[in-house]
Amino acid sequence: MGVRLVVQGLFKNIIKTRKMGLKFKAGATIFFVIMIFGLLSFLTPHYHSYWYHFPQAHPPSLQSVDFIFGTTSNGRSVFWSLTNAIVNSLIIAVVTSMLACHIGLIIGILSGIKGGVIDKIMMFLTDSFIAIPGLPLTIMLAMILKPIINLFLLGVIISIISWPWSARMIRAITLSLREKDFVIFAKFSGMSTWKIIFSEIFPHILGFHATNIINTMLGAIGAEVGLAFLGLSIIEMDTLGTMIYWIQRYGAILQNMWWWVVPPIATLILLFLSLYLVSTGIQEFLNPRLRRVK
Amino acid sequence: MLPKHLIKYFLFRILILLATIFTAFTITFVILKIMPIDIVNNIIARSMAVTGAALGDPEAVRRMYEIYYEIFGLKGTFIEQYVSFLNRFLTMDFGISILARPATVQEVISYRLPWTVALLVFSTILSWVIGNIIGAVVSLFEGSKLSNILQSLAIILYPIPYYVFALVLIYIFGYIIPLFSLTPIRLPSNIFSLEFIITVFRAMTLPALSIIVIGALGWWFLSSRAMALNIISEDFYLYGEIRGLPKLHLLKKYLLKNILLPQITALSINLGTIFGGALLTEILFNYPGLGTLLYQAVNAGDYPLVLGIVSMSIIGVAVATCIMDLLYPLIDPRIRYR
Amino acid sequence: MDNKNTAQLLVLKNINKVFRYGFFGFEFKALDKVNLTIEHEGIIYTIAGESGSGKTTLARIILGVHKPDEGLVEYKGKNIHSLKSSEARWFRREVQAIFQDPYATFNPMKKVYSYLYETVRSFLGFHDESEINEYINSRLLSIGLKLDDVKEKYPHEFSGGELQRIAIAKSLLTMPKLIIADEPVSMLDASFRINILNLFKDLKRRYNISFLYITHDLATAYYISDFIAILYRGTIVERGPTEDILRNPLHPYTQILLDSLPEPDPKKRDKYMKPLKLSEIEEKEFTVQGCKFSFRCSYSNEKCLQTRPPEILINNRVISCWLYHYK
């Protein structure tokens, strides 16, 4: 009954109204604005990569684009750093979510459908990964890989701690779907296992998968900032994490260089908020019962 | 005396604990093994640069090499590598810390551990209790102004990691209202003096505050409120309300009773995340726990110490989760009855 | 394959199924030593029980979705939980399933025709499109539907009753010997209900199909079935010919169940005012050593609580109750 309502609701909504809640709209708008800001990074002037090109610790002024957000203690433009940081942080987030969520998806579905020994082995592995506290493990890996670190590799490192959660959730959903009447009915209509996975099970996982991708992005951005606190992100590149790393390094907070401190932290918080709103927006859209609750 | 099935469950859970720790270390071993990098030479070059003259003693250098070869599995057959690796991790015997030489890794960690445990236990329990109670209470006044404000606040706070929120707190309390010193603390030698307590309190307040605010008003508040609203929409609650039970009774017997059990499970699942967040928060406040130690170790290239902390975290979080699971049946009536 | 003709159609031997929650070890027995036999084709066998009695779990075990923890399910003498893949296809051709909510069984994104098409193509080995359509049409006509009315439509374009008929038509395509029908009419309007039930009777008569009809509704059970098994908390308390059991229930639970059937007679109103021992004891009922009904039964004694009653044969019915142990 419940499934039928959700499925029907989904179907009708997609066909007719495309009605999304306020949360989704607000989140998407904030995200869109941040993205536009990030896209400005393609206009970055070549001199942005040099240190001490600008006067040090210059407060914001409107004399040129470079000075809109002022400059840092090492003579770089906060504005260009921020635009580049947004793009780089999002690249890390996307690499992580694409890797982690899809590994989780494949392992979760296989585990849920196959059952038996395969399921037991995969879930034991997954549980063991969950049992390892993620941060110390990532720190160890990032420290060892420091000499060859890049955006993609950083995404891979963060994926290692992100996939088990996806796998567990997808498996739980698959297990509950496997016993649903419509799957049994499809089976007794002679559909092959693969056909059932694609046409009966996958559409029901899609909603969770979408929110999971967004939540994993959120987690990855946070994890990068965490690594950066320890100087383990890509220090020579602008990311939201490394911006905060340099702020810490130069004691910008205690010198009250607010123009340097506020932009990355505010962007981070807005980015977290927007991704979270989008993900709960999708969740509520898929499951209207939640609308009242959260 | 405990009933038979509980003893069976306890033994089984402890077996799971051992298996978890064992597999976690095995995974670490495999990951380190497939690293596309010559780890040992990197480390030795790094630590030679840092310690330089201090390790001039060739015997000490030789011992250091030996430990690294064992840790990163470069000595002997594959089985031997694996066994010596496990042995190092299980005993946390990583030799002398480069940063704090001549102290061993075990000594440095055991000195800092109580600080982290104190911060974690204090702030986790407090945020869990506060968040759940506020969530349940607010659900009774659904639709009121206060409820809406708290709800919006929670949505903003929920996705923010502790350590990013900590930056905001530093800005407020370190610069705008300079109540707390952010420089590394120096502990008075007499641990029973008033001065000692004040110093600990001052050191702990801000990191604890960032964990409690995010934890209580973000995480636990949201989930507790969601559960409470679900209960309120159920028939048995409506019946209680119609019977005219006082709100306090409804709150205690109907809401909290049904919220706290699943929230304990949620807490035990999230221990690892909370622990990681707390480590990073420590760094920002110069709190003398494992997190700050980890920061110093990473910066000094002190691999033995980093590995020691990794191993400590794996064992620590696994044991803590296990303890929570062992306590669970004592609380859950469904299991107690049988 | 020789014993195929002599073997009983469906045999359940001592089925146990336990569900566990987490590794806290909280478990309950969904099914406890269930025995049941459908002798041959052309029988409608009802399994009746209240919600939570395990009737849906039983259906799923027979369909091979769940594996029993103990016991066997044999279809024509073959254990259906250890079939080779070719035998599994044979099993799914001979045994078909109909579920409670037709809107939840058909994928809302797919035309219902795709189910009909897929069934014929994969089970009967037809390849030519017009041949398939002709076959589907002939089967649909036999239960009063036309392919043209069905072909281009999505599930939500049908009413519940129509969609359930199409589900039945789909299961008929493979010429099954046994249809498992899990609460097939409980979600339908009363007018459709009798319609579907008559269809079952008709199919049994015309094609000699057996039905395992799972329901909580004794009135419909009485209307169509030849045999009935009363399920309570995972155990069958009484089974035998429907006529005998519903006219003269022997097990105390069956008696209460029949008593609680409302009758449209104001003079009998008093009967429903009698307090029934209900609820609050469910937890224990799943774990009790003895008879699961002993907490509510007015005849129960210490023996009922301690030891499970054996299956006792009385005339042509089997009953699990200590009351009849010496008879």
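The values are calculated or read from the model by the stated rules, or taken from the named source; none is laboratory data. A quick note: this is a predicted structure, and the numbers were derived from the prediction, not measured. Ideal geometry is used to build each Cβ from the backbone, glycine not excepted, and the neighbour counts take in all protein chains shown. Heads up: the accessible areas ignore ligands, DNA and RNA and are worked out on the full protein's heavy atoms, side chains in. Shrake-Rupley method; radii C 1.70, N 1.55, O 1.52, S 1.80 Å.
Scanning region A:150-170 for residues that are touching a helix residue (DSSP H, G or I) at 6+ places or on another chain (Cβ under 7 Å) and farther than 16 Å from residue A:102 by Cβ yields a total of 3.
Checked against (1) aliphatic (A, V, I, L, M); (2) within 30 Å of residue A:254 (Cα to Cα); (3) without any contact (Cβ under 8 Å) to a residue 24 or more places away in the chain, residue A:90 passes all but condition (3). Only helices (runs of 4 or more DSSP H) whose full extent lies in region B:54-173 are considered here, and the ones with at least 1 residues that are modelled with pLDDT under 80 are B:58-71, B:78-91. Annotation note: of A:170, A:160, the sole residue that is facing another protein chain (nearest Cβ under 9 Å), within 19 Å of residue A:129 (Cβ to Cβ) and crowded, with 17+ Cβ neighbours inside 10 Å is A:160. Among the residues of region A:188-202, those identified as farther than 13 Å from residue C:108 by Cα and either at the interface with chain C (Cβ under 7 Å from one of its Cβ atoms) or assigned to a loop (DSSP other than H, G, I, E, B) (or both) are A:188, A:189, A:190, A:191, A:192.
Within region C:84-96, take every residue that is open to solvent by 40 Å² or more (accessible area, probe 1.4 Å) and either among the charged types (D, E, K, R) or assigned to a loop (DSSP other than H, G, I, E, B) (or both) and give me the one that is farthest from the other protein chains (Cβ to nearest Cβ). Taking the candidates together, the pick is C:84. Where helices (runs of 4 or more DSSP H) fall wholly inside region A:203-294, the ranges with 3 or more residues that are under 28 Å from residue B:231 (Cβ atoms) and away from chain B (no Cβ under 11 Å) are A:258-286.
Taking residue A:94, is it open to solvent by less than 60 Å² (accessible area, probe 1.4 Å), within 24 Å of residue A:235 (Cα to Cα) and among the β-branched types (Val, Ile, Thr)?
Working: open to solvent by less than 60 Å² (accessible area, probe 1.4 Å): no; within 24 Å of residue A:235 (Cα to Cα): yes; among the β-branched types (Val, Ile, Thr): yes.
No: the conditions fail for residue A:94.
Which residue, of A:124, A:42, A:24, is closer than 30 Å to residue B:26 by Cβ and either of a type in the set (S, T, N, Q) or open to solvent by 20 Å² or more (accessible area, probe 1.4 Å) (or both)? Let's see the steps before the verdict.
On the way: A:42 fails: closer than 30 Å to residue B:26 by Cβ; A:24 fails: closer than 30 Å to residue B:26 by Cβ.
Answer to the selection: A:124.
Of the residues making up region A:264-274, at least one is at pLDDT 90 or above, among the hydroxyl-bearing types (Ser, Thr, Tyr) and surrounded by fewer than 21 Cβ atoms within 10 Å (Cβ to Cβ).
In region C:302-327, the qualifying residues are those that are open to solvent by 80 Å² or more (accessible area, probe 1.4 Å) and farther than 18 Å from residue C:53 by Cβ, and the one that is modelled with the lowest pLDDT is C:327. Listed here are the strands (runs of 3 or more DSSP E) enclosed by region C:195-262 that have at least 3 residues being surrounded by fewer than 20 Cβ atoms within 10 Å (Cβ to Cβ), and there are none. Listed here are the helices (runs of 4 or more DSSP H) enclosed by region C:107-183 that have at least 3 residues being modelled with pLDDT of 85 or more and within 29 Å of residue C:62 (Cβ to Cβ): C:112-124, C:129-142, C:160-172.
Working only within region C:97-106, note down all residues that are closer than 18 Å to residue C:58 by Cα and open to solvent by 20 Å² or more (accessible area, probe 1.4 Å). Of everything in region C:97-106, just one residue is closer than 18 Å to residue C:58 by Cα and open to solvent by 20 Å² or more (accessible area, probe 1.4 Å), namely C:100.
List pairs: first in region B:147-163 and more than 8 Å from chain A (Cβ to nearest Cβ), second hydroxyl-bearing (Ser, Thr, Tyr) and surrounded by 23 or more Cβ atoms within 10 Å (Cβ to Cβ), Cβ under 9 Å, 6+ apart or cross-chain? That search, which allows pairs on different chains as well, returns B:162/B:210; B:162/B:281.
Selection of helices (runs of 4 or more DSSP H) fully inside region B:232-301 by the criterion of at least 3 residues being open to solvent by less than 10 Å² (accessible area, probe 1.4 Å) returns B:257-285, B:290-300.
I'd like to know if region A:145-154 contains one or more residues that are more than 14 Å from chain C (Cβ to nearest Cβ), out of contact with any Lys or Arg (no Cβ under 7 Å at 6 or more places or on another chain) and crowded, with 23+ Cβ neighbours inside 10 Å.
From region A:145-154, those more than 14 Å from chain C (Cβ to nearest Cβ) are A:145-154; that's our starting set.
Narrowing the set further to residues that are out of contact with any Lys or Arg (no Cβ under 7 Å at 6 or more places or on another chain) leaves A:145-154.
Restricting the remaining residues to those that are crowded, with 23+ Cβ neighbours inside 10 Å gives A:154.
Within region A:145-154, one or more residues are more than 14 Å from chain C (Cβ to nearest Cβ), out of contact with any Lys or Arg (no Cβ under 7 Å at 6 or more places or on another chain) and crowded, with 23+ Cβ neighbours inside 10 Å.
Specify which of the listed residues (B:258, B:270) is over 30 Å from residue B:110 (Cα atoms) and not acidic (Asp, Glu). None of the others qualify; the one that does is B:258. Of all residues in region B:182-208 being within 14 Å of chain A (Cβ to nearest Cβ) and surrounded by 14 or more Cβ atoms within 10 Å (Cβ to Cβ), which is modelled with the lowest pLDDT? The selected residue is B:182.
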